[in-house]
Every structure is written in C-alpha cells, then in structure tokens.
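The structure appears right after this line, and notes come after that.
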Amino acid sequence: MRALFSAISGMKNHMSYMDVVGNNIANVNTIAYKSSRATFQDILGQTVRGASTPQAGRGGTNPAQIGLGMQLGGIDNIMTQGSLQSTGKLTDFAVQGDGFFVVSDGTRNFYTRDGAFDIDVEGTLVNPVTGLTVMGWVADATGAVDTESPLQALQIPFGTRISAQATQDLTLPAPKAGMVMAGNLDAGTPTVAPDNEITTTVTAYDSLGNAKTIRVIFTKTATNTWDVTAMHDIPDVPGPDATPGNAFDDAVTIANGTLSFLPTGTLDTGIANNGMVSFTIPAAALGTGADPLAFTLDLTTFSQYAGASQSNLQSQTGSAAGALVSFAVGSTGEVTGIYSNGANRIIGQLALASFTNPGGLQRQGQNLWAPSSNSGEAIVGLPNTNGRGSVSTGTLESSNVDLAQQFTNVILAQRGFQSSSRVITAGDQMLQDLVNIIR
C-alpha cells in the first residue's frame, strides 16, 4: 500500500518540522538570532494513466497520478531585522539595517549580528564569550583611516597619552585661526574712560601643554569702533617694597587690533583683517621652556547691538597633554577616543560586511555565520554606505523569532504528524481485513 510509505514520509518530515520550530523557540532570547523556516515538497507521483490528446471527436484526458508522499524542501534563514533593546553599555553594538560585524580568530574571519562586545586586558575590542576580535581599521597618529588597507583588530588603548598641542593657526586642510571667539559688544558703551572698557579672559596652551591666561580688553574709542588689546597673564610678583604686584604689569606680550562695525551692528567686512588679532608671546615671557606662542584670535563673528556685552570662546586648537579615558562609536562606525584633556580623536573605524545573498550564509554556532557558495563573498566597507546599515551603540539586537507564529507551527507540526500516523493505522486495518478474507 502506497499510503503507508506516504504516511511514513509525512511523519518523518513533520518531525524535522518540529525540530526547526523547537530550535526557533529555544533561541527566542538569543542575541540577534535569525529564525529558520521549513518548507516541504511533494514526491513525484506514480502515473496510473497518462494524458491523451483530443482525437476522433473525443476530447483529451488528464493524467491520473498517485502521490508517493512528501519530502523536506528546504530550511530557510529569515534574515529580517530584530528589535533593538537599550542596554546602556558602551561596548554593546547593533546594526540597524543590513550588514554583519566582522570578527576573527586570527586566521579566519566570521560574521555576526551579535554586538555584545567588550574590552580585553590588552585593550582589544572582542566578543567576551568566544574571544574573537572585532575587525576594522586603525587610525594613524593624525586620525586618518585607510579603508583600503587590510582589516585589523580594533584597539581601545585606555591610558594612552597624547602630546600637548600649542594654540596655533592651522593651514591644512583650510586656514583656521588658533582661537575663535564670538559675542556682542554693547552699542551703548560710552567712549570715555574708564567706562569704555570691557574685559574678558581666554586660555591658550604652549607647546608643553601649560595653560596661559590671556586678558582681552575691548576699548570703545569712537562710534562703531573698538580697540582690542591683549596681555599675557604673568605670575604675581611682589614689588621692591613687598607690596603685591599686578599680574598684568610689565607684561611682555601685547596684541593690538581693531573692530569696526557698520551702523547695522555687524562687522565691516570691507576692512582688511578687521576682527583678526595676532598674538606673539616670546619664549622668555612664557617662562616654561616652551616654544614661542603665536596665533590669531578670530573675532569676526562679533556684533555691536544694544544690550549687555558678552563673549565666549567657541574653539581653539591648543590642548594640554591627556590620556584616553573613554570612547564613542558613531552611526557610521567611527571610533572616537575621548581624552582627559577634553580632546576627541578618531582612533579607529568599525567595518561591516554585506552579502549578495545573506540567506545563503551557513550557521557556525555561537551566533556566527560563514560564507557559502550561494551567499557570495563578503563585501566589506563602511557602515551606512552601499546598502549597509548604521551602527547603534548601547543597544543589542533581539531575536527575530515570532512566538505566536512558532506556537502555531507547533500545532501544525503536531497535527500533521498525528494525521500521518492515523493513515498508517487505517492502512494496517485495511491489510488486516484483507488477510481475514480467507476465513
């Protein structure tokens, strides 16, 4: 009886169906797990009577076939996005969109959506369960990243120090003043001393990283015109009669400039170098053994409107020496080091891999995937480019298993198996009746 063998194939393959569903349910809380789906095919039927064409006034007839059961067609990987859960942990990453993190055992690269990473004792970004290192590109001393170079293990070298940077003008990639200030000078300020002065202080850094306080004085000399003078803050030295000295007396460093405003309150851009004040502090005045300090103070964003005078330092190129204390990863995978002196520098670039057919990847266990002949080779590049997703920090991707669907599949697998077993029971009863005919 063909029905017996058909029922056996049904029971066998519904057991495989239950295996797939059971594995999905078991991994409902596995980080970035991608569920599987079983599909079935019928087995070629046995032809009892073939088809015929219309002839001699009679119509054609259809073939008569009896099926021989079913077989497991395939087990597909469902690569849809899982929901993201916030963890708040700095080294937890998730991919929003397509793409896989690249991890390595030192010999072979694997691919994963599991971004539960950590820092090992050597400062390497790793998966703490498998020990596999996270791959990307390491920046050079200037913060430049060569994405055409081979992948390297990403390093977060906590405690690494960066040298002090003197406040200075930059020429590359575009000219930039060593210090930029913004603010407003009260248009109602009189031109008569001593009420015509507005004073503020800024801090510059010499080549050794020593902070130097500079007093900047705005003096209104005429309508819409201000003189700018600046003095380097030298240590307070008592006078010959032991009286306290003035910290700005006998200061060697003095910078002079002018701010000329239009009647509209904006800076007059028709005057060359209006609002640009050049500083030069000789090494002797610094008294620290550092190189002379020379830079330009950019005041071109200042305005003159009625209201309280105010100023703030927007940026400067100098900084004291510092050590790496933290890091941050942007949505494009840039790893930025945060130093104790407040400086931020790019120290690496996270890599993502994409595949022509990600559903063709082979599971390797431990949330790892490897290329197969039908997935294509990994296309490694920057996050958020060429179809690759963005990186979200402090989050992990959840399993994409739909429990409601899986429990429905449990019922389907159970009923399919049960129905096939009943066919075997019925077939056995028919054979028993056939044997009993001779009684």
> For helix 2-26, what angle does its Cα long axis make with the longest principal axis of the chain, in degrees from 0 to 90 and rounded to 10?
Replying inline: 20 degrees
> Using a Gaussian network for the chain with springs between C-alpha atoms less than 10 Å apart, which of these wobbles most: Leu267, Leu313, Leu44?
Replying inline: Leu44
> Taking the Cβ of Val95 as the center, what net charge do the other residues with Cβ under 11 Å away carry, scoring Lys and Arg +1 and Asp and Glu -1?
Replying inline: -1
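Could the peptides 152-162, 351-361 be put in order, highest first, of the mean number of other beta-carbon atoms found within 10 Å of their residues? Don't skip to the end; give the middle numbers.
Values: 152-162: 16.5, 351-361: 19.4.
In descending order of packing, they fall as 351-361, 152-162.
For the chain, what does the helix formula give at 222 nm: sum of -39500 (n - 2.57) over DSSP H segments with n ≥ 4, over the residue count, nearest 500 deg cm²/dmol? Walk me through the intermediate numbers first.
Working: 3 runs with 62 residues, N = 439.
Calculated mean residue ellipticity at 222 nm is -5000 deg cm²/dmol.
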> Rg and Dmax of segment 28-113 over Cα atoms: what are they, in angstrom?
Replying inline: 25.8, 82
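Any idea what % of Cα-Cα pairs in segment 385-439 are farther than 13 Å?
Values: 1138 of 1485 pairs.
That tail contains 77 percent of the Cα-Cα pairs.
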> If you build the Cα gyration tensor of segment 122-175 and take the root of 5 times each eigenvalue, what three semi-axes come out, in whole angstrom, biggest first?
Replying inline: 30, 16, 6
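Let me have the relative contact order for segment 288-439, percent, based on Cα pairs under 8 Å that are six or more residues apart. Please list the in-between numbers first.
Numbers: 136 pairs, mean separation 22.0, N = 152.
It rounds to 14 percent for segment 288-439.
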> In sequence order, what are the phi-derived ³J(HN,Hα) couplings for segment 284-289 according to the Karplus relation 6.51 cos²θ - 1.76 cosθ + 1.60 with θ = phi - 60°, rounded to whole Hz, with x for glycine and proline?
Replying inline: 5, 6, 5, x, 10, x
> For the Cα atoms of the chain, what angle does the longest principal axis make with the long axis of helix 403-435, in degrees from 0 to 90, nearest 10?
Replying inline: 10 degrees
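Counting only pairs 8 or more places apart or on different chains, how many lysine pairs in the chain have C-alpha atoms closer than 30 Å? Mind showing how you got there, number by number?
On the way: Lys12/Lys34; Lys34/Lys89; Lys176/Lys212; Lys176/Lys220; Lys212/Lys220.
The number of close lysine pairs in the chain is 5.
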> In percent, what relative contact order does the chain have, based on Cα pairs under 8 Å that are 6 or more apart in sequence?
Replying inline: 23 percent
> Residue-wise, which Karplus ³J(HN,Hα) couplings in Hz belong to segment 296-301, taking 6.51 cos²θ - 1.76 cosθ + 1.60, θ = phi - 60°, and x for glycine or proline?
Replying inline: 10, 9, 8, 10, 6, 9
>> With only alpha-carbon atoms in the gyration tensor, what are the semi-axes of the equivalent ellipsoid for the chain, in Å, largest first?
In response: 79, 24, 18
>> From the phi angles alone, apply the Karplus equation (6.51, -1.76, 1.60; θ = phi - 60°) to segment 262-273 and give each ³J(HN,Hα) in whole Hz, x where the residue is Gly or Pro.
In response: 7, x, 7, x, 9, 5, 7, 7, x, 9, 4, 6
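Which net charge results for the neighbourhood of Asn274, defined as the other residues with beta-carbon distances under 13 angstrom from its beta-carbon, given Lys and Arg at +1 and Asp and Glu at -1?
Details: positive: none; negative: Asp227, Asp268, Asp298.
Around Asn274, the surrounding residues sum to -3.
Please sort 187-197, 53-63 by packing, taking for each peptide the average over its residues of neighbouring beta carbons within 10 angstrom, highest first. It would help to have the intermediate numbers written out before the result.
Values: 187-197: 12.2, 53-63: 8.4.
In decreasing order of mean packing, 187-197, 53-63 become 187-197, 53-63.
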>> Quick check: Cα centre of segment 188-222 to Cα centre of segment 372-417, how many Å?
In response: 61 Å
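Provide the packing ranking of 144-150, 70-76, i.e. peptides ordered by the mean count of other C-beta atoms within 10 Å per residue, highest first.
Numbers: 144-150: 10.6, 70-76: 14.3.
Descending mean neighbour count gives 70-76, 144-150.
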> Using alpha-carbon positions, what is the distance between the centroids of segment 299-326 and segment 119-185, in Å?
Replying inline: 23 Å
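Only the coordinates and a few stated rules stand behind these numbers; no lab work does. These figures come from a predicted structure and were not determined experimentally. Every residue, glycine as well, gets a Cβ built from its backbone with ideal geometry; the counts of neighbours run over all protein chains shown.
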